[in-house]
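The values are calculated or read from the model by the stated rules, or taken from the named source; none is laboratory data. Not measured: the values here are computed from a predicted model. Glycine gets a Cβ as well: all are built from the backbone with ideal geometry, and neighbour counts include every protein chain shown. With ligands, DNA and RNA removed, areas are computed over all heavy atoms of the protein, side chains included. Shrake-Rupley method; radii C 1.70, N 1.55, O 1.52, S 1.80 Å.
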Amino acid sequence: MLPKRESMTVEFKSDRVRIDDMEIIDTIVGMTNASGGILYIGIEDNGEVTGVHDSHRNTIGLSAMIANLTVPAPAVRVDMLEIDGKSVVTVEVSASSTIVSTSSGKTLRRRLKHDGTPETVPMYPHEFPSRLSSLSLLDSTAQVLEDGSVQDLDEVERSRLRNIIRMYRGEAALLELDDRELDKALQLVKRVGGRDLPTLAGLLLIGREESLHRLVPTAGLDFQVLTNSDVRVNERIGKPILATFEIVQEYLQAWNPEQETEIGLFRIPIPEFDPRAFREALVNAFSHRDYGLLRPVRIQLDNDGLSIASPGGFVEGITLDNLLSADPRSRNPALADALKRIGLAERTGRGIDRIFEGSLLYGRPLPDYSGSDPTTVRLFIPRANPDKAFTRMVSEAMNRHQARLNVYALMILGCLRETR
């Protein structure tokens, strides 16, 4: 069962005229510095099997060559296949847990071109922090900003932070600390060389707007509302995260109509988009995004639904298949930890559960992450009428048991509702 075409994880190499060994090495380095994959030697770009050159039939020798010409050597598995009487070598490449280079010093990565076909390109030094962050080897939000000072932090935003702790029931002990102790407890400031310097997390959360523009030009958020082809709202927000949260929640409230259903003596509001799910999605967009990419978080409301696009692909180890089951991990642990401790983020790290529950509770279609790619995580929550009878059933069950149904129980009930 050969793949029909090349992709991010599949590469064909013709070997009718002996392929240069370094071309093989370059492809393997590019793959291991991305998502891994399989290199097929002896297949043309169009998928035609033409066979491997005699000099590449020794799979043990090929494994040794790969180990000798890469630093550090990635995990590979080399096999020989017989297809229609012709030999093809497969090199299965695992995604590396660090940055891999050729022995000559070239660092490469794999990416998709505009036409959807893959290519191997240089990985430049300014791209290293993004790669290390996605591997959870570097937390850029915990790094101090050498060109900054504590004067870049805003007293008004720090007051907002304290109000959020009270409102969202964050760690009460934080409110007992003075400003200097609070900043250090949340890793908003670190002491370096005898002076206090703001971290990236500190500037993102409570920095002055002009300081953000100067020191972190990659931060920001675009909010758009489209009705058919008419642009109703098109706003660029360049404020720190906490102020941005309040502004965006006010925007959503204005464009988030509600229906009602009766449960016993009570009327229960059913919003178009669940505010709690939206808050968790926004937290994820900020705490998991790649701040090395010069693109803002983008929120768009249109006739089809709500979209949130966050720069940077999934963190290593997170895929579309394991979103709900993988252990929580973040590209920016310092920022994510601060958001949890002040109460904005789900403390268990399972904010993804809240996002799915926001649709499942009302009998609506599941949130969709299928538009994500290696450079962007895209969440789409479709518009759909709620199933009020299903909502009443779930609400009554939770009242009876005095506990929330978890996301798996809700998915099972939703599946039963769909399939009868």
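The accessible surface of region 1-152, taken with every protein chain in place and a 1.4 Å probe, is 51 percent carbon and sulfur. Across region 3-71, Cα pairs under 8 Å and at least six residues apart give a relative contact order of 39 percent. Counting only protein heavy atoms and using a 1.4 Å probe, the accessible area of residue 316 comes to about 60 Å². Taking the accessible area of region 221-347, probe 1.4 Å, and keeping the other protein chains in place, the carbon and sulfur fraction comes to 46%. Site pair residue 250 and residue 213 shows an inter-label distance of 1.9 nm when each label is modelled 7 Å from Cα along Cα→Cβ. When each of the peptides 84-93, 327-336 is scored by how many other beta carbons lie within 10 Å of its residues on average, the order from highest to lowest is 327-336, 84-93. Stretching residue 392 away from residue 180 to a fully extended chain increases their span by 71.5 nm, per 0.36 nm per residue minus the current alpha-carbon distance.
Accessible area per residue was computed with a 1.4 Å probe on protein heavy atoms; residue 23 scores about 80 Å². One entry in [x] 1.18; [y] 1.04; [z] 0.97 is Rg/Rh (Cα atoms, Kirkwood Rh) calculated from the shown coordinates; its label is [y]. Relative contact order, whole percent, for region 100-177 stands at 13, derived from Cα pairs under 8 Å and 6 or more residues apart. Each of 301, 323, 407 was placed along the dipole of region 299-420 (beta-carbon charges, centred on the mean Cα), and the one lying farthest toward the positive end is 407. For the pair region 247-289 and region 315-390, the centres of their Cα atoms are 14 angstrom apart. Round to the nearest 10 and give me the degree value, 0 to 90, for the angle of helix 21-32's Cα axis relative to the longest principal axis of the chain. The angle comes out near 20 degrees.
Only helical runs count toward this figure. For the chain, summing -39,500 (n - 2.57) over DSSP H runs of n ≥ 4 and dividing by all residues gives -9500 deg cm²/dmol at 222 nm. Please work out the average accessible area per residue across region 146-274, using the 1.4 Å probe convention, and give it in Å². With all protein chains present, region 146-274 gives 54 Å² per residue.
With every protein chain in place and a 1.4 angstrom probe, the accessible-area ranking of 53, 114, largest first, reads 114, 53. Using the alpha-carbon centroid of each, what span in Å lies between region 55-118 and region 290-313? Measuring centre to centre over Cα atoms gives 34 Å. In the context of the full set of protein chains, residues of region 1-104 present 48 Å² of accessible surface per residue (probe radius 1.4 Å, heavy atoms only).
Assuming charge only on the beta carbon of Lys and Arg (+1) and of Asp and Glu (-1), the dipole of the chain about its Cα centre is about 820 debye to the nearest 20. With a 1.4 Å probe rolled over the protein heavy atoms of all chains, the accessible area of 211, 325 falls in the order 325, 211, largest first. Considering only DSSP states other than H, G, I, E and B, which trypsin sites (Lys or Arg not before Pro) in region 153-260 qualify as loop sites with at most 16 other Cβ atoms within 10 Å? Qualifying residues, ordered by number: 169. Think of a 1.4 Å ball rolled over the protein heavy atoms: region 282-384 then has 36 Å² of accessible area per residue. Seen against the Cα atoms of the chain and their longest principal axis, helix 59-68 is set at about 60 degrees. Measuring nothing but how far apart in sequence close Cα pairs (under 8 Å, 6+ apart) lie, relative to its length, region 305-384 scores a relative contact order of 47 percent. The solvent-accessible area of residue 364, taken with every protein chain present and a 1.4 Å probe, is close to 20 Å².
So, R0 is 30 Å and r is the distance between the beta-carbons of residue 370 and residue 48; what FRET efficiency does that work out to, to 0.05? The computed FRET efficiency comes out at 0.45. Calculated FRET efficiency, residue 378 to residue 232, Cβ-Cβ distance, R0 = 22 Å: about 0.55 to the nearest 0.05. What's the angle, to the nearest 10 degrees (0 to 90), between helix 407-419's Cα axis and the longest principal axis of the chain? The angle comes out near 80 degrees. What you get for region 1-117, charging only the Cβ of Lys and Arg (+1) and of Asp and Glu (-1), is a dipole of about 360 debye around the Cα centre. Were the residues from residue 323 through residue 80 laid out at 0.36 nm apart, the gain over their Cα-Cα distance would be 84.1 nm.
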